[in-house]
Each structure stands twice: as structure tokens, then as C-alpha cells.
Amino acid sequence: MIDPLTTGQFLIGSSRENHADPNRVDFSTLRQLMKRAVTALPILAERRVIRAFAGIRAAVSDSLPIVGSLPGETRVTLATGFEGDGICLSAIMGREVARIVRGMPPTDDISADLETLSPARFTPARQEALG
Ligand SMILES: Cc1cc2nc3c(=O)[nH]c(=O)nc-3n(C[C@H](O)[C@H](O)[C@H](O)COP(=O)(O)OP(=O)(O)OC[C@H]3O[C@@H](n4cnc5c(N)ncnc54)[C@H](O)[C@@H]3O)c2cc1C
């Protein structure tokens, strides 16, 4: 992705490495990303890299986030595992978590989706039902 920002800078990337060190930018990967970006948009060769960052994209074994009350511990609410979509989903998930902690039902049009994300899917009973 090459994302032109309103500042005149470009946001380029990114990469995914399973279980890599989230506190370290891998410079060979960075070099590869820059080379590919310059191939796609040669004018970028005139620019300098001013910032690079690494981080965690927390992911769940079934590739879905976990959102909802912890079974048996309803005062604990989970909202995690958003992988590479956590920023885009933050507003809607924040709204729904606020509803959960206030004891309100989920917003109608996404209640089925939220049910799919429930931590209850990892309980032994649900796992058995899924076979
Ligand atoms: C390089 C990169 C690019 C990305 N690009 C996008 C994108 O373009 N669009 C998009 O939608 N998403 C993107 N994401 C994903 C997005 O950043 C995450 O999905 C989102 O930040 C997850 O939010 P979160 O609140 O679940 O977790 P986090 O943002 O990881 O927040 C967890 C917080 O808990 C804190 N914490 C951890 N342990 C403890 C502890 N023991 N005690 C107290 N606090 C603790 C951490 O310091 C952190 O502040 C990207 C991620 C990366 C790494």
C-alpha cells in the first residue's frame, strides 16, 4: 500500500511476520517494501524514510476477534484479536463494548455478527457442539 497523506508524506507498507519481535523494525523487510514502492511509483526514490514502526496485530486461532463478556465472569468484557482491522473497527466496537458494560443488548443490525465474536465460542460446551 502507498498511502499519500495530507502532509505530503507517503505511508508505505506493511508486512506481516508471525511471532516476530514487535519492538524491532526488520530492515531487510523495510528495504524490500521500499524497493517495491519505488518500482510502483518511481518518484518515491527522491524521498527519504523518516519513520518506521513495528507493532502487534493480535490474532485469534479462528481468525475472528473476540468481543463480549467472559463466560462465568460477566464483569469482564473482552475486545481483542482485531488483527489488522482494529483501527477501522474501533468506533463500532467501542460503541458495542460501552453497551455491553452497561448491560444493554447489542445494536440490532450487528447483533448476529457480535454473537459470532462471543468469547463463549471457546467454551468446552460450544466446542463440542461444533464437533
Ligand atoms: C504495522 C501495523 C499497521 C496496522 N494498520 C492498520 C490499519 O491500517 N487499519 C486498521 O484498522 N488496523 C491496523 N492495524 C491494527 C490495529 O493497530 C490493531 O488491530 C489495534 O491497535 C488493536 O487494538 P487493541 O485495543 O485491541 O490492542 P492494542 O492497540 O494493542 O492495545 C492494547 C493495549 O494494552 C496495553 N497492555 C498490554 N498489556 C498490558 C498490561 N499487562 N497492563 C496494562 N496494559 C497493557 C498495551 O500497551 C496497549 O496499549 C495495524 C497494526 C500494525 C502493527
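Specify the residue that is least open to solvent (accessible area, probe 1.4 Å); the eligible residues are those in segment 17-26 that are farther than 20 Å from Val38 by Cα and modelled with pLDDT of 90 or more.
To start, the set of residues in segment 17-26 that are farther than 20 Å from Val38 by Cα comprises 17-24.
The next check asks that each one be modelled with pLDDT of 90 or more; those that pass are 21-24.
Details: Asp21: 81, Pro22: 44, Asn23: 143, Arg24: 134 Å².
Per the stated criteria, the residue is Pro22.
A quick yes/no check of all residues on (1) free of Cβ contacts under 8 Å to residues at least 12 places away in the same chain; (2) surrounded by 15 or more Cβ atoms within 10 Å (Cβ to Cβ); (3) assigned to a strand (DSSP E or B); (4) touching a Leu at 6+ places or on another chain (Cβ under 8 Å):
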{"site": "Thr77", "(1), (2), (3), (4)": "no, yes, yes, yes"}
{"site": "Gly84", "(1), (2), (3), (4)": "no, no, no, no"}
{"site": "Ile87", "(1), (2), (3), (4)": "yes, no, no, no"}
{"site": "Ala91", "(1), (2), (3), (4)": "yes, no, no, no"}
{"site": "Asp113", "(1), (2), (3), (4)": "yes, no, no, no"}
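Scan segment 37-54 and tell me whether some residue there is within 14 Å of the ligand (Cβ to nearest atom), open to solvent by 60 Å² or more (accessible area, probe 1.4 Å) and not assigned by TED's automatic domain parsing to the domain that holds Asp113. Looking through segment 37-54, at least one residue is within 14 Å of the ligand (Cβ to nearest atom), open to solvent by 60 Å² or more (accessible area, probe 1.4 Å) and not assigned by TED's automatic domain parsing to the domain that holds Asp113.
A quick yes/no check of all residues on (1) of a type in the set (A, V, I, L, M, F, W, C); (2) in a loop (DSSP other than H, G, I, E, B); (3) under 23 Å from Ala112 (Cβ atoms); (4) touching a residue at least 24 places away in the same chain (Cβ under 8 Å):
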{"position": "Leu11", "(1), (2), (3), (4)": "yes, no, no, no"}
{"position": "Asn23", "(1), (2), (3), (4)": "no, yes, no, yes"}
{"position": "Arg48", "(1), (2), (3), (4)": "no, yes, no, no"}
{"position": "Ala54", "(1), (2), (3), (4)": "yes, yes, no, yes"}
{"position": "Val60", "(1), (2), (3), (4)": "yes, yes, yes, no"}
{"position": "Leu64", "(1), (2), (3), (4)": "yes, yes, yes, yes"}
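Just one of the numbered conditions (1) aliphatic (A, V, I, L, M); (2) open to solvent by 60 Å² or more (accessible area, probe 1.4 Å); (3) touching a Leu at 6+ places or on another chain (Cβ under 7 Å) is not true of Ala129: (3). Within segment 93-111, the set of residues being touching a residue at least 24 places away in the same chain (Cβ under 8 Å) and under 15 Å from Val76 (Cα atoms) comprises Glu96, Val97, Ile100, Val101. Identify all residues within segment 99-111 that are outside any helix (DSSP H, G or I) and either in contact with a His (Cβ under 7 Å, 6 or more places away or on another chain) or surrounded by 15 or more Cβ atoms within 10 Å (Cβ to Cβ) (or both); write none if there are none. Passing the criteria: only Pro106. Which of the residues spanning segment 59-75 are of a type in the set (Ser, Thr, Tyr) and surrounded by 11 or more Cβ atoms within 10 Å (Cβ to Cβ)? Hits for segment 59-75 are Ser69, Thr74. Among the residues of segment 60-80, those identified as of a type outside the set (A, V, I, L, M, F, W, C) and in contact with a Ser or Thr (Cβ under 9 Å, 6 or more places away or on another chain) are Pro65, Gly68, Ser69, Pro71, Gly72, Arg75, Thr77.
The values are calculated or read from the model by the stated rules, or taken from the named source; none is laboratory data. What you are looking at is a predicted structure, and each value in this text was computed from that prediction instead of being measured. Note: ideal-geometry Cβ built from the backbone for every residue, glycine included; neighbour counts use all protein chains shown. Just the protein is used for accessible areas: all its heavy atoms, side chains included, with ligands, DNA and RNA removed. Shrake-Rupley method; radii C 1.70, N 1.55, O 1.52, S 1.80 Å.
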